[in-house]
Amino acid sequence: SCGSGGSGGASGSDDGSITMGFSQVGAESGWRTANTKSVQEAAKESGITLKFSDAQQKQENQIKAIRSYIQQKVDVIAFSPVVESGWDTVLKEARDAKIPVILTDRAVDSKDTALYKTFLGSDFVEEGRKAGQWLVQSFNNSTDPVNIVELQGTTGSAPANDRKAGFAEVIGADPKFKVIASQTGDFTRAKGKEVMEAFLKSNPDIDVLYAHNDDMGLGAIEAIEGAGKVPGKDIKIITVDAVKDGMQALADGKINYIVECSPLLGPQLMDLAKKVVKGETVPARVVTEETTFTQEQAKTALPNRKY
Ligand code: AHR
């Protein structure tokens with residue numbers, strides 16, 4: 001595919017096969033593991049040769065991986081940018097090499113949207129709004145102040161920025177909702193636990209935890225139990241993702257509500273890659289379909305949950 005004959009780049013290759021260079025964020029969460037699996041399986045199923053690299057949540061590693069894919073003359077580059085800003089230079093290098101780029105899962109904030117062909121992934125602002133809407137509804141009978149702590153995702157990442165913004169927009173309509181502490185937990189269980197321990201020490205009266213993903217929420221549950229409180233009762237918990245462990249905690253009543261974020265982007269990504277390599281036009285934005293889960297809905301969905 002990315003042959004030595006020099007025809008590489010956007011023209012595809014002599015034998016018609018496609019090589020994709022994919023730069024993954026890392027392996028920070030259950031969601032990410034499911035996403036990686038989806039991409040790898042879908043590549044295999046659609047006959048696309050996948051070069052895969054894990055950036056361990058570091059932008060510099062992603063930039064290195066993309067440069068190496070450019071050098072190897074892959075047919076298409078796909079990546080899930082760890083943070084939103086700072087991509088213009090390397091994206092221009094890909095364009096100069098005539099290699100099309102697809103953003104998957106997370107967005108970049110580049111002004112020049114022609115630097116990539118399409119962006120496939122969730123609407124993270126909408127996810128934040130859904131989390132806020134559940135909260136507003138659950139507390140609509142009370143006028144007491146509601147003290148909220150927030151565990152943010154990786155600093156500067158699209159899901160952290162957008163889930164915070166969507167949530168703030170909805171709860172901002174009623175001043176009884178107060179975010180009394182908000183800090184990053186890097187989307188990991190370990191950091192979620194550590195930061196929640198600190199929140200609990202400095203805030204005796206926490207009503208609600210909003211965690212930007214299940215893993216941080218699951219870490220926080222350990223901290224809450226460690227402090228002698230009951231997760232889901234003393235402190236209501238809302239998370240995002242709906243991976244199996246999160247859904248189990250929801251079914252057990254330790255989490256109260258989960259907003260789904262689908263990691264199963266592989267098949268759509270491979271379809272888009274084939275079109276882009278052929279030079280066909282694709283929609284500039286492809287939004288993933290997602291739902292929300294209450295405890296009852298989690299119980300029903302759990303037996304068939306694949307990830
Ligand atoms: O970009 C998607 C987010 O990244 C997921 O919600 C989170 O679990 C992952 O680490």
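Read-outs throughout are calculated quantities, based only on the coordinates presented, and are distinct from any laboratory measurement. Note that this is a predicted model, so its numbers are computed, not measured. Reconstructed Cβ throughout: ideal geometry from the backbone, glycine too, with neighbour counts over all protein chains shown.
3J(HN,Hα) couplings calculated from phi for the range 87-99 with the Karplus curve 6.51 cos²θ - 1.76 cosθ + 1.60 (θ = phi - 60°) are, in sequence order, 10, 4, 4, 5, 5, 5, 4, 5, 5, 4, 7, 6, 9 Hz; Gly and Pro show x. Extension gain, residue 227 to residue 136: 0.36 nm times the residue separation minus the Cα-Cα distance gives 30.1 nm. Hydrodynamic radius of the range 111-221 by the Kirkwood approach over all distinct alpha-carbon pairs: 14.7 Å. One way to sum up the overall shape of the range 185-232 is the equivalent ellipsoid from its Cα gyration tensor, whose semi-axes run 16, 10, 10 Å, largest first.
Couplings 3J(HN,Hα) of the range 269-276, computed from phi: 4, 5, 4, 4, 4, 4, 5, 4 Hz, in residue order, whole Hz [Karplus 6.51 cos²θ - 1.76 cosθ + 1.60, θ = phi - 60°; x for Gly and Pro].
Between residue 291 and residue 143, the modelled label-to-label distance comes to 3.8 nm, taking each label 7 Å out from Cα in the direction of the beta carbon. Taking the number of Cβ atoms within 10 Å of each Cβ as an exposure proxy, the fewest-first ranking of 37, 191, 111 is 111, 37, 191. Counting neighbouring Cβ atoms within 10 Å and putting the fewest first, the residues 90, 240 line up as 90, 240.
Taking amide H positions as modeled 1.01 Å from N, with prolines and chain starts lacking one, the residues under 5 Å from residue 235 and 5 or more places away or on another chain are 230. Residues considered: 127, 41, 260. Largest GNM mean-square fluctuation over the chain, using C-alpha springs under 10 Å, is found at 41. DSSP bridge analysis restricted to the chain gives an antiparallel fraction near 5%, rounded to the nearest 5.
Ranked by the mean number of other Cβ atoms within 10 Å of their residues, highest first, the peptides 284-290, 95-101 come out as 95-101, 284-290.
Rounded to two decimals, the Cα radius of gyration of the range 208-307 over 2.2 N^0.38 Å is 1.36.
Scalar couplings 3J(HN,Hα) for the range 191-197, obtained by applying the Karplus form with A = 6.51, B = -1.76, C = 1.60 to θ = phi - 60°, are 6, x, 5, 4, 5, 5, 4 Hz; x denotes Gly and Pro. Taking a straight line from the alpha carbon of residue 236, these lysines sit under 21 Å away, with near neighbours fewer than eight places off in the same chain left out: 130, 164, 176, 178, 191, 193, 201, 244, 254, 299.
Note that the range 157-275, at 4 °C in a medium of 1.567 mPa s, gets a Stokes-Einstein diffusion coefficient of 85 µm²/s from its Kirkwood radius over C-alpha pairs. Largest mean-square fluctuation among 294, 184, 143, in a Gaussian network model of the chain whose springs join Cα atoms under 10 Å apart, belongs to 143. Counting other Cβ atoms within 10 Å as a rough exposure proxy, the listed residues 270, 196 run 270, 196 from fewest neighbours to most. What the Cβ-Cβ distance of residue 40 and residue 60 gives, at R0 = 22 Å and to the nearest 0.05, is a FRET efficiency of 0.40.
Distance distribution note for the chain: the fraction of Cα pairs above 25 angstrom is 49%. Within a straight-line Cα-Cα reach of under 21 Å, residue 64 can be paired with the following lysines, leaving aside sequence neighbours fewer than 8 residues apart in one chain: 51, 73, 92, 98, 117. Between 137, 295, 152, the Gaussian network model of the chain with springs among Cα atoms under 10 angstrom shows the greatest mean-square fluctuation at 137.
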